[in-house]
Amino acid sequence: MHPRIRPVLLAACALVLTGCSAHVSVGKEVSKENFEKGISDALQQSIGKRPDTVACPGPIKAVEGESMRCVLTAGGQKVGLTAKIGAVNGTEVKYDVQVDQKPMQ
């Protein structure tokens, strides 16, 4: 692993982000692409680094309390995360992201 990636990854592992937002489609869901981008944007804002990728299994319903497990990749390591829908206000959705404390095996 690249020496500068490890501290970033470790910082992300303890990270809980709040107030991230995305826009919903007419069907009241956040598209897979918008959700993944929103998570990446939030990580970049919080720790100053963007993960290589964020992968979620699909779109998420824009319903308060809905959650989804996703995986971020940084420096060749994968770390799980949970993203949970918070407030829904019209076409804007707020959500929280909690990154796992340890990389996946």
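Table for the structure above
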{"item": "Unmet requirement for CYS56, which otherwise passes all of (1) open to solvent by less than 40 Å² (accessible area, probe 1.4 Å); (2) out of contact with any Cys (no Cβ under 8 Å at 6 or more places or on another chain)", "result": "(2)"}
{"item": "Residue match in region 79-98 (condition: open to solvent by 50 Å² or more (accessible area, probe 1.4 Å) and in contact with a helix residue (DSSP H, G or I) (Cβ under 6 Å, 6 or more places away or on another chain))", "result": "no"}
{"item": "Test result for ARG69, of a type in the set (D, E, K, R) and without any contact (Cβ under 8 Å) to a residue 12 or more places away in the chain", "result": "no"}
{"item": "Region 9-53, subset open to solvent by less than 30 Å² (accessible area, probe 1.4 Å) and touching a helix residue (DSSP H, G or I) at 6+ places or on another chain (Cβ under 8 Å), residue modelled with the highest pLDDT", "result": "PRO51"}
{"item": "Any hit, region 51-61, residues being touching a Leu at 6+ places or on another chain (Cβ under 6 Å), outside any strand (DSSP E or B) and of a type outside the set (Ser, Thr, Tyr)", "result": "yes"}
{"item": "Single unsatisfied condition, SER67 versus (1) polar (S, T, N, Q); (2) within 12 Å of the chain's Cα centre (by Cα); (3) surrounded by 14 or more Cβ atoms within 10 Å (Cβ to Cβ)", "result": "(3)"}
{"item": "Top-ranked residue of region 79-105 - restricted to ones that are charged (D, E, K, R) and more than 13 Å from the chain's Cα centre (by Cα), ranked as modelled with the highest pLDDT", "result": "LYS102"}
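The values are calculated or read from the model by the stated rules, or taken from the named source; none is laboratory data. Predicted, not measured: the structure shown is a model, and the values here were computed from it. Methodologically, a virtual Cβ is constructed for each residue, glycine included, from the backbone with ideal geometry; neighbour enumeration extends over all protein chains shown. The area values use the complete protein model at the heavy-atom level, side chains included, leaving out ligands, DNA and RNA. Shrake-Rupley method; radii C 1.70, N 1.55, O 1.52, S 1.80 Å.
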